[in-house]
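The values are calculated or read from the model by the stated rules, or taken from the named source; none is laboratory data. None of these values were measured; they are calculated from a predicted model. Cβ atoms come from the backbone with ideal geometry, glycine included; neighbour counts cover every protein chain shown.
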Amino acid sequence: MENEVVSYFTLRMRIDNFAQLLKTCFLQQNISPTTRMVRWNAQGGNDMILNVDGSSIGNHGVSGFGGLIRNSDGGRIQGFAGNIGISNILHAELLAMYYGLVLA
């Protein structure tokens with residue numbers, strides 16, 4: 001601070017202004033307290049969607065995968081699931097995508 005002499009009041013104001021700036025930068029202002037349902041919207045088309053997921057308990061642990069194909073109304077067309085045994089999350093996710101694409 002180059003030996004700058006600052007009054008208590010000025011120092012307090014600078015700290016308050018800096019705290020306000022940090023609050024503005026890091027806190028979301030538009031947080032909605034209501035729950036909103038999110039779903040795929042085909043927008044009136046006849047398209048289908050493939051959803052897949054892989055899971056692993058630990059880096060090398062019991063792993064599995066699954067997925068489903070849904071129609072434009074969100075209804076289930078076909079699904080699949082599998083147990084990999086002991087593996088990792090990357091393997092589980094990749095197998096989920098592979099089997100989902102094969103099914104599609």
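Tabulated data for the structure shown
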{"item": "Restricting the range 51-73 to residues that are buried (at least 17 other Cβ atoms within 10 Å of the Cβ) and among the hydrophobic types (A, V, I, L, M, F, W, C), the residue that is farthest from ASN41 (Cα to Cα)", "result": "PHE65"}
{"item": "Test: residue in the range 30-48 that is out of contact with any Asp or Glu (no Cβ under 8 Å at 6 or more places or on another chain), at pLDDT 75 or above and either outside any loop (DSSP other than H, G, I, E, B) or surrounded by 10 or more Cβ atoms within 10 Å (Cβ to Cβ) (or both)", "result": "yes"}
{"item": "Selection within the range 7-26 - at pLDDT 80 or above and of a type in the set (Lys, Arg)", "result": "ARG12, ARG14"}
{"item": "Residues satisfying the stated conditions in the range 63-104, i.e. charged (D, E, K, R) and outside any strand (DSSP E or B)", "result": "ASP73, GLU93"}
{"item": "When residues of the range 74-104 are limited to those that are within 30 Å of GLN43 (Cα to Cα) and of a type in the set (Ser, Thr, Tyr), the one surrounded by the most Cβ atoms within 10 Å (Cβ to Cβ)", "result": "TYR99"}
